[in-house]
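Engineer: Have a look at this one before I ask anything.
Since every read-out is calculated from the coordinates, none of them should be taken as a lab result. Source: prediction; values computed, not measured. Every residue, glycine as well, gets a Cβ built from its backbone with ideal geometry; the counts of neighbours run over all protein chains shown.
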Amino acid sequence: MAEFTVTGDVDPFLHISLKRGEKIYCESSAMVMMEANLDLKGKMTGGLASALMRRFANDESFFQQHIEAVRGDGDCLLSPALPGAVEVIEVGATRYMLTDGAFVAAESGVSLNVRTQNVGTAMFGQTGGFFICEASGVGKLAVSGFGSSFVLDVQPGKDIVIDNAHVVAWDSRLHHEISVATQNSGGILGQLVNSVTSGEGVVLKFSGQGKVIICSRNRNSFATWLAKLLPNGN
């Protein structure tokens, strides 16, 4: 199996070592460096329909980069789109759901499939709209968020509430539902207003047993910061 190593503390690289014949795929433009024994090709993973669905579900590029060790062993360095930490997780008995832009790279034995969400989560959760990606199969999967990352263990009877803009990925066996950070007796409209004015907004509540990967920075804040760097930004 390919060896995934995160190197660097701030805006790290994902270092992948491949044995001859091994393959990985990654988000478009993720490759920074690769040794000459490796080949890189742009492909629509799973065909046109799958590529279109992943584009809508997880804000991925239409084409992904496929890297294969064809002439011998070789190493490559990948960089995530967001300036932040990279987490490497094992997909197998556990499948993972991915939020928009979280995917970095995976071994060829891992598949990204598209699932539908309920209307409430799709409208307010900002986890990928009505469609969301699920990583299944067997192998290593690398995901990234904005800022530092942390892995939370959800236990039965100990639900966890997380600001939706800080969620990166989670165990698909976990139940998640939309909620608001603050509660009062004024009904859902009053709760939404109170939540927004408190500065927290909409949150996701996870229950069951499994892991949730979170990032330290709000992805919406990143979008605002990026917009200021563009021409005509304020």
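Engineer: Using modelled amide H (1.01 Å from N, peptide plane; none on Pro or chain starts), what sits under 5 Å from the amide H of residue 95, excluding residues fewer than 5 places away?
Structural biologist: 172, 173
Engineer: Also, quick follow-up: Around residue 72, with a cut-off of 12 angstrom between Cβ atoms, what is the net charge of the other residues, counting Lys and Arg +1 and Asp and Glu -1?
Structural biologist: So the surrounding residues net to -3.
Engineer: Separate question: Tell me, what is the FRET efficiency for residue 209 and residue 70 to the nearest 0.05, using R0 = 45 angstrom and their Cβ-Cβ distance as r?
Structural biologist: 0.60
Engineer: What FRET efficiency do you get for residue 7 and residue 158 if R0 is 30 Å and r is their Cβ-Cβ distance, rounded to the nearest 0.05?
Structural biologist: For residue 7 and residue 158, the calculated efficiency is 0.30.
Engineer: Could you give the length gained by full extension between residue 115 and residue 151, i.e. 0.36 nm per residue of separation minus their alpha carbon distance, to one decimal place?
Structural biologist: Once the chain is fully extended between residue 115 and residue 151, it gains 10.6 nm.
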